[in-house]
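J.: Provided herewith is a single structure, encoded as structure tokens, for subsequent inquiry.
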Amino acid sequence: MFLPAQRLDLGTALTAYTAGSGYVSHRDDSGCLRTGNVADLVVLDRDPFDGPDAEIAATKVAMTFVGGELVHAA
């Protein structure tokens, strides 16, 4: 069970789940989109920051890229 004082804002939670996960798996340059990096990313159907918190769970993945290659398209 989490206490209210342990709550994370959305930006911190997404960073921990994405760039933070890359860091702990020793991919220290992860989280940076730049020429020469390999892209593992998802494209969402909406901006999770734009709208009520109650609607975040309705966000869908539109596309997924692994190693720069498209592996999923909705």
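The values are calculated or read from the model by the stated rules, or taken from the named source; none is laboratory data. Small disclaimer: the values here were computed from a predicted structure and weren't measured. Note that each Cβ is placed from the backbone with ideal geometry, even for glycine, and that neighbours are counted across all protein chains shown.
J.: If I ask for residues that are touching a Ser or Thr at 6+ places or on another chain (Cβ under 6 Å) and either of a type in the set (Gly, Ala, Ser) or surrounded by 13 or more Cβ atoms within 10 Å (Cβ to Cβ) (or both), which ones from the stretch 43-74 would you list? Give the derivation first.
T.: To start, the set of residues in the stretch 43-74 that are touching a Ser or Thr at 6+ places or on another chain (Cβ under 6 Å) comprises 44, 46, 48, 71-72.
46, 48 - these are the residues of the stretch 43-74 that are touching a Ser or Thr at 6+ places or on another chain (Cβ under 6 Å) and either of a type in the set (Gly, Ala, Ser) or surrounded by 13 or more Cβ atoms within 10 Å (Cβ to Cβ) (or both).
J.: Pick from 18, 35, 64: which is at pLDDT below 90 and under 12 Å from the mean Cα position of the chain (by Cα)? Break it down into steps so the answer makes sense when it comes.
T.: Details: 35 fails: under 12 Å from the mean Cα position of the chain (by Cα); 64 fails: at pLDDT below 90.
After applying the criteria, what remains is 18.
J.: Output the residues belonging to the stretch 50-74 that are touching a residue at least 40 places away in the same chain (Cβ under 8 Å) and not acidic (Asp, Glu). I'd like the intermediate steps shown before the answer.
T.: As a first pass, look at the stretch 50-74 and keep what is touching a residue at least 40 places away in the same chain (Cβ under 8 Å): 53, 56.
Scanning the stretch 50-74 gives a single hit, 56.
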